[in-house]
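The values are calculated or read from the model by the stated rules, or taken from the named source; none is laboratory data. If you're wondering where the values come from, they're calculated on a predicted model, not measured in any experiment. Because the Cβ atoms are built from the backbone with ideal geometry, glycine has one as well, and the counts that use them run over all protein chains shown.
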């Protein structure tokens with residue numbers, strides 16, 4: 001779904017480039033769309049969150065099948081700390097997202 005939005009934004013950026021020629025031709029000042037920039041930023045942030053979730057899920061899958069005798073709790077604690085640090089570095093508005101809270105809860 002994110003890729004679909006990303007493609008739509010890409011199409012709008014292409015259209016913007018095409019229109020810029022006309023603005024230049026008629027000496028019209030053109031200001032880039034702040035809404036489009038905002039959507040691009042949101043898509044990038046969402047992709048980052050989902051990548052973090054997928055990475056954590058892969059790490060968890062690897063660790064949950066380790067035999068008890070071979071399990072090193074410190075390694076998992078360090079891994080969880082790394083993910084918590086990354087999650088805590090997200091901007092305030094991202095921390096309100098349900099997916100961020102779900103990832104945080106899974107890591108905890």
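Side notes on the structure shown:
- Criterion violated by residue 20 - all others in (1) surrounded by 10 or more Cβ atoms within 10 Å (Cβ to Cβ); (2) modelled with pLDDT of 90 or more satisfied: (2)
- When segment 63-86 is filtered for residues that are at pLDDT below 90 and either surrounded by 10 or more Cβ atoms within 10 Å (Cβ to Cβ) or outside any helix (DSSP H, G or I) (or both), the ones remaining, listed by number, are 63, 65, 66, 67, 71, 72, 75, 76.
- Taken as a whole, the condition of being exposed (fewer than 10 other Cβ atoms within 10 Å of the Cβ) and either over 24 Å from the mean Cα position of the chain (by Cα) or in a helix (DSSP H, G or I) (or both) applies to residue 27.
- Filtered residue count, segment 87-108, keeping only those that are assigned to a helix (DSSP H, G or I), over 14 Å from residue 54 (Cα atoms) and in contact with a helix residue (DSSP H, G or I) (Cβ under 7 Å, 6 or more places away or on another chain): 1
- Hey, residue 25 in contact (Cβ under 8 Å) with a residue 12 or more places away in the chain and either out of contact with any strand residue (DSSP E or B) (no Cβ under 8 Å at 6 or more places or on another chain) or on the phi < 0 side of the Ramachandran plot (or both) or not: no
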